[in-house]
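Heads up: the structure comes next, in structure tokens.
A short reminder: the numbers here are calculations on the coordinates, not readings from a lab. Just so it is clear, the structure is predicted and the values come from calculations on it, not from any experiment. Neighbour counts are summed over all protein chains in view; Cβ atoms, including those assigned to glycine, are modelled from backbone coordinates with ideal geometry.
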Amino acid sequence: MENNGFARSEGDIPLPTKDTVSPPTENTVDVENASEPRVNAFPVTVELAECVVMKKSDVLRFSKHPSWIRIRTAFQMTVLVGWLALIGGTFSYIATLPRCKVQPELKWWEKTHTYTIYVSSFYDSDGDGVGDIKGIEDKLYHFKEMKAETIVLSSFYKRHASSSRSNPGFELDITDHTDIDHIYGTIVDFDRLLKKAHDAGIKIVIDFIPNQTGDRHRWFTRSRASSDPKTNPFWNFYVWARCDGSHSPPNNWLSVYGNSSWSYDTSRGECYLHQFRQGQPELNMRSDAVQSELERILRFWLDRGVDGFRVINAQYMFEDADLRNEPPSGFCTTPLQSTDYRCLDHIYTTGLPDIYHVVSSWRYVLDEYSRRTGRLRVLMTDADVKDNETVKYYGMSSGNGANLPLNYLLTRLNGECGGTCVHSAINQWMSMLPEGSTSTWLSGSADIMRVASRLSSLYVRGITLLKLLLPGVALTYYGEEIDMVDANRSTLPIFNHAQSPYVHRTPMQWGPGRFAEFMNSTTGSVEDTEPWLPLNEDFPLRNVMTQNKTKASLLTFYTATAKLRQKEAALHAGKLHYALVSENIFSFIREMDGKDRFLIAVNFGNKTSEDDYRVWNRLLPAFASVELTTSRITSLLVGHRVPLTNVRLEPGDGVVFRWPFWR
């Protein structure tokens, strides 16, 4: 019978014969020694069936057998179901994982690096000794290099000719809010600057001064003519009060610069209020006519294309309608100090609730333009007040106040404020910030001591890291990027009084050449013209040109930090978490789902600190890469991967670590 490859039945197997029986082998059963009953007396030899290879035709024939089809189908279904279960389980697992949160797209003003300019001192394009609008246009490249997407211009409004030429710093002596003072250029110059800035991707915000005008303004000229509302529509444009026969002021209010804030006007026979200089009368913000004029001014500049306004001296906009005396502050202890502004607690001349309502009305105007033109506009308020007062400018209830009230917290840090102190100040501010609001961070302005003078250059880079890498908008006051310091007060023959802000406003130091190359040497009579304020003597070393060529300079570090902020979403839009905080160290984490994470640490103390950062926050990795550093310690070189369990920082040192996102 033909062998088909399967086992044969017993009928197919031939019986053994004498010729086929083999001698006993290992398979022979020993009958006598067997423990089991005798089964067969013959020795048994097992014959293995010959292995026969199946032909292709045999395989095909048997593969079509119904039983094999059922077996094969069952196996295939088992494999298929297994794969589907595996795929389904994988997708199910992925679906149950916490998803990366979709971050809302920030508005341009919520993440911008802003550069604030004191126009008179930035760059003089025509060689007359005073900075101008054309000079700002000439330096647009500097903002691009600094990764500053927004510039804020100090007041450039038209003033009386004698005021603008002799005192370029008296920017509050305004005679026309809708024109450019000739010392700065023309409205055509401004329009050209606006266009070129926008072409370069730079926004322009301008100062708005609603509190006062100059005493040569046509409004004041009309207002002082008569107090009769029937004949004089400008009678209440300013804050007037009756004085007695000796011209004594109506109350004890003091000017910011000392002495009474009231001056007698012989034309009207009344006293007018000036919270600053005598030639800067206060507008009456309770007048509907004044409010209408101020809105007209806003619309004039919005129509020209400006991107927003910074409301200057916002805290002084309203005064007590009943003109009540202000209580003593306890600061002054002798009669000689009685005219010092600090002698009084200014509860009736600053921070009145009416301020926040008028700010809200201006925000409404800007929002209207934003909707109508499709270009977002921003409203900033500049008021150097306590933190709990600053947050009120965001809006009293509905958050419809200023977009960006300027936060002066960093300007109040001094050399004795270590890591714990810095953390306490920042945490207090962040906890007061209304939900959904954007913080601001500035370290200097035209009216306060420069950071390099206040803290010394040792801590300037640490402050730079905070300002640029904390959540919110960073503001750089011109010259901070090259470590400019305040002028020596004795070098200012004019404006040399104790409260003079001009020590913070000296000309920008562009190069090591004559007058720090503040003045354009190709125009004007440079040989017999000097800058409107004396330059700092350190300009040969502290200038843009020299620092641009030096890898270890503050300008190089400043620019690198600004670039990192602009590039990394976690740094301009991510969440904030505090890390190690000690007597010396303040550190924090910036993170965003799906993005690299960053740890920023600064030693604000006066001692070297070696710390294990993972002890304070177990979410930190064991190792991280050094992204930026102010330290000269070889273990913290940029690009090196270092353990976070032992980080050493000298006083003033700061470092930025990076590590990849993981779940």
Item to check | Value at 222 nm in deg cm²/dmol, rounded to 500, when DSSP H runs of n ≥ 4 in the chain each add -39,500 (n - 2.57) | outcome: -7500 deg cm²/dmol
Checklist outcome for this item: Spelling it out for L628: with amide H atoms placed in the peptide plane at 1.01 Å from N, the residues 5 or more places away or on another chain with amide H under 5 Å from its amide H are V656
Checklist entry - R0 = 30 Å: FRET efficiency of Q428 with E293, Cβ-based, nearest 0.05? => result 0.15
Checklist entry - Amide H to amide H, which residues 5 or more places from T440 or on other chains are under 5 Å from it, using H placed in the peptide plane? => result N407, V473
Checklist entry - What is the spin-label model distance, in nm, from S267 to H640 if the labels are put 7 Å beyond Cα along the C-beta direction? => result 7.1
Checklist entry - Hey, fewest Cβ within 10 Å first, where do V485, V130 land in order? => result V485, V130
Item to check | Options L106, Y264, V290, ranked by Cα towards positive dipole end of the chain, top entry (Cβ charges) | outcome: L106
Checklist entry - Rounded to the nearest 0.05, what FRET efficiency do S361 and H247 have when you use their Cβ-Cβ distance and R0 = 35 Å? => result 0.45
Item to check | Fraction of antiparallel bridges per DSSP, the chain only, in percent to nearest 5 | outcome: 60
Next on the checklist: Amide H of G308 versus every other amide H placed in the peptide plane: which residues, excluding those fewer than 5 positions away on the same chain, fall under 5 Å?
Outcome noted: I206, V378
Item to check | Helix axis angle, 419-432 relative to the chain longest principal axis, alpha carbon, degrees | outcome: 80
Item to check | Contact order normalised by residue count of the chain, Cα under 8 Å, 6+ apart, percent | outcome: 11
Next on the checklist: Over the chain, what portion of Cα pair distances is larger than 34 Å, expressed as a whole percent?
Outcome noted: 57
Item to check | Relative contact order (%) - the range 601-648, alpha-carbon pairs under 8 angstrom, separation at least six | outcome: 44
Checklist entry - Using the per-residue mean of other Cβ atoms lying within 10 Å as a proxy for protection, in what order, highest first, do the peptides 179-186, 377-384, 408-415 fall? => result 377-384, 179-186, 408-415
Next on the checklist: As a quick test, which of the pairs K144/K467; K107/K144; K158/K567; K111/K386; K196/K575; K107/K467 have an alpha carbon distance above 30 angstrom in this structure?
Outcome noted: K158/K567; K196/K575
Next on the checklist: Cut-off is 10 Å between beta-carbons; in what order do E627, E105, E583, E480 appear when sorted fewest neighbours first?
Outcome noted: E105, E583, E627, E480
Item to check | Rotationally averaged projected area of the range 587-663 (alpha carbon convex hull; nm²) | outcome: 4.7
Item to check | Spin-label pair D384/E368, simplified geometry with 7 Å Cα→Cβ offset, distance in nm | outcome: 3.4
Checklist entry - Counting only DSSP beta bridges with both residues in the range 117-241, what percent are antiparallel, rounded to the nearest 5? => result 40
Item to check | Distance from the range 187-228 to the range 509-559 (C-alpha centre basis), Å | outcome: 29
Checklist outcome for this item: Karplus-derived 3J(HN,Hα) from phi for the range 539-549 (6.51 cos²θ - 1.76 cosθ + 1.60, θ = phi - 60°), whole Hz, x at Gly and Pro, runs 4, x, 9, 9, 8, 5, 4, 5, 6, 5, 8
Next on the checklist: Considering only C-alpha atoms, what is the centroid distance from the range 248-273 to the range 457-488, in Å?
Outcome noted: 39
Checklist entry - Using the count of nearby Cβ atoms within 10 Å as a rough guide to exposure, how do E368, E326 rank from fewest to most? => result E368, E326
Item to check | Whole-number D in µm²/s for the range 446-515 (Stokes-Einstein; Kirkwood sum over Cα pairs; 37 °C, 0.692 mPa s) | outcome: 244
